[in-house]
């Protein structure tokens, strides 16, 4: 009985480690794909007007000022829309 318990415990441990690696790889790939979008690009990405993007900013969409231009991280846009 103890041997079966140990085998099951080992199988679960191996599976958890594989899942951890897979999630880590997915997060790394997601970060690589993340990029900054202009207001126009953000509007095009969401298929909304520039005024809607401005309203989203007022409602909490995070923006980044790079000199005189405003940029949005694609991941921030996705997160904002999900919430």
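The values are calculated or read from the model by the stated rules, or taken from the named source; none is laboratory data. Not measured: the values here are computed from a predicted model. FYI the Cβ positions are ideal-geometry reconstructions off the backbone, even for glycines, and counts take in every protein chain you see.
In table form, for the structure just shown:
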| item | result |
| --- | --- |
| Residue count for segment 53-73, restricted to those that are in a helix (DSSP H, G or I) and either touching a helix residue (DSSP H, G or I) at 6+ places or on another chain (Cβ under 7 Å) or on the phi > 0 side of the Ramachandran plot (or both) | 2 |
| Number of positions in segment 41-64 that are in contact (Cβ under 8 Å) with a residue 24 or more places away in the chain and either surrounded by fewer than 13 Cβ atoms within 10 Å (Cβ to Cβ) or in contact with a strand residue (DSSP E or B) (Cβ under 7 Å, 6 or more places away or on another chain) (or both) | 3 |
| Any hit, segment 38-49, residues being in contact with a helix residue (DSSP H, G or I) (Cβ under 7 Å, 6 or more places away or on another chain), assigned by TED's automatic domain parsing to the domain that holds residue 83 and assigned to a loop (DSSP other than H, G, I, E, B) | yes |
